[in-house]
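What follows is one structure encoded as structure tokens, with my remarks underneath.
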Amino acid sequence: MAEVLQQDPMRVTVLRGGPGAPMRPETFEVPLYESQTVLDVVSWIQQNSDPTLSYRFACRVGMCGSCAMMVNGVPRWTCRTHVQKVLVGGAIEVGPLRNLPVIKDLAVDMDPFFDKWVEAEGRHHPTRTRDDGIAPIDPESADRQQATAGIECINCSVCYAACDTVAGNPDYLGPAALQRAWTLYNDEKNADRGSILDAVSGKGGCHFCHSMGSCTIYCPNELNPLAAIAGLKSATARRFFGRRDR
Amino acid sequence: MTEFRLYMLQRLSALVMAPFVLLHIGVMIYAIRDGISAAEILGRTQGSVLWFTFYATFVVAVSIHAALGLRIVLSEWAGLRGPTREITSLAIGLGLFALGANAVWSVTAGGTS
């Protein structure tokens, strides 16, 4: 066990509740350790104070995208967020991700988030069959550079929770799904650009983005969904004016 | 009309409005630099096809642009959905057009004195 840094424990307020139980804050006192993450704090509470606290995590190293929560009102990947960087006056507040239905306490239902990936046509449309050879791709090509920029998304939903347009428009596909669509749009192995542009031009499409940029500000992997959405807007406008895609 | 076409309509109406705003303000500053009376203004605008076309186009662009922008605001901020939102934004657009058209007609119609 790491060394306790100070005698006074930190005050951790956790927003708890779920369907049928209105969200209510509950405050715990948790010892402060060196190199402690917010996920460590939540785990400490569950293991030492209240075993009924519900939350979600898996890899603990910033790869799986499972542990995102609201910390002091902003979305963060908790396994890679050091407590000492977010403590305010010896206290933090942890809550479930915004813009998603709460299952219980800190665990949210991610279904709407992933359903929108499908709605945004975030699936591969192959140019070849399994019997054909692998298409050579130039990693330096402009299209590939655009696609590469977005492929490190870990599906954590931090951008979705940060987005005010999602909050105001339940149909809006959200930054992650649109960035996925933009990645596939630029993938030279993707055969059907038109269906992607159709999918992102509907009642929850990219054109509802107000370019506020919270997605890009809060993305833990420092991706730029805002630029991806701007790319989709531009591509749909080019198509409107009759410019052909490849 | 699809959401995308409404989006393009709003952007294109903005494209029309941008130079019109600059021209409108520029002409106002130029025209009043030595003082000008209402009668003198009307003397230049009444019967002018140019000013009628300019401001009529301006009013149409404003009506479309504002109504479509407020349509999104009504949806995201006021929670309006479906026909309620469409009818409200249409009424805003028609209202703006009626006010603007009345103003344009008032200063451009009439005899060439």
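The values are calculated or read from the model by the stated rules, or taken from the named source; none is laboratory data. Predicted model, so just to flag it, every value in this text is computed and none were measured. So basically every Cβ, Gly included, is an ideal-geometry build from the backbone, and we count neighbours across all protein chains shown. These area figures cover heavy atoms from the full protein model, side chains too; ligands, DNA and RNA do not enter into them. Shrake-Rupley method; radii C 1.70, N 1.55, O 1.52, S 1.80 Å.
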If I ask for residues that are under 17 Å from A:HIS82 (Cα atoms), outside any helix (DSSP H, G or I) and not aromatic (Phe, Trp, Tyr), which ones from the range A:30-56 would you list?
A:VAL30, A:PRO31, A:LEU32, A:GLU34, A:SER35, A:GLN36, A:THR37
Single residue of the range B:1-41 satisfying the filter (part of a loop (DSSP other than H, G, I, E, B) and more than 14 Å from every other protein chain (Cβ to nearest Cβ)) that is surrounded by the most Cβ atoms within 10 Å (Cβ to Cβ):
B:ILE36
I'd like the residue in the range A:68-107 that is among the polar types (S, T, N, Q) and more than 14 Å from the chain's Cα centre (by Cα) and, out of all such residues, is nearest to A:THR27 (Cα to Cα).
A:ASN72
Out of the range A:117-130, which residues are open to solvent by less than 60 Å² (accessible area, probe 1.4 Å) and either outside any loop (DSSP other than H, G, I, E, B) or among the basic types (Lys, Arg) (or both)?
A:TRP117
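For A:THR52, state whether it is among the polar types (S, T, N, Q) and either open to solvent by less than 60 Å² (accessible area, probe 1.4 Å) or closer than 19 Å to A:ALA162 by Cα (or both).
Working: among the polar types (S, T, N, Q): yes; either open to solvent by less than 60 Å² (accessible area, probe 1.4 Å) or closer than 19 Å to A:ALA162 by Cα (or both): no.
For A:THR52, the condition - among the polar types (S, T, N, Q) and either open to solvent by less than 60 Å² (accessible area, probe 1.4 Å) or closer than 19 Å to A:ALA162 by Cα (or both) - is not met.
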Out of curiosity, is A:ILE137 modelled with pLDDT under 95 and closer than 27 Å to A:GLY205 by Cβ?
no
Only one of A:CYS153, A:CYS219, A:CYS206 that is open to solvent by less than 20 Å² (accessible area, probe 1.4 Å) and either away from every other protein chain (no Cβ under 14 Å) or in contact with a helix residue (DSSP H, G or I) (Cβ under 8 Å, 6 or more places away or on another chain) (or both):
A:CYS206
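Of all residues in the range B:73-113, count the ones that are in a helix (DSSP H, G or I), within 14 Å of chain A (Cβ to nearest Cβ) and either touching a helix residue (DSSP H, G or I) at 6+ places or on another chain (Cβ under 7 Å) or among the basic types (Lys, Arg) (or both).
Quick first cut of the range B:73-113, residues in a helix (DSSP H, G or I) only: B:73-78, B:82-108.
Filter again for within 14 Å of chain A (Cβ to nearest Cβ), leaving B:73-78, B:82, B:85-86.
With the extra rule that they be either touching a helix residue (DSSP H, G or I) at 6+ places or on another chain (Cβ under 7 Å) or among the basic types (Lys, Arg) (or both), the set shrinks to B:74-77, B:85.
Selection size over the range B:73-113: 5.
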Show the residue pairs that are 6+ apart or on different chains and have beta-carbon atoms under 6 Å apart, the first residue being within the range A:24-50 and farther than 17 Å from A:GLU93 by Cβ, the second being open to solvent by 30 Å² or more (accessible area, probe 1.4 Å) and not aliphatic (A, V, I, L, M).
A:PRO31/A:PRO9; A:GLU34/A:GLU3
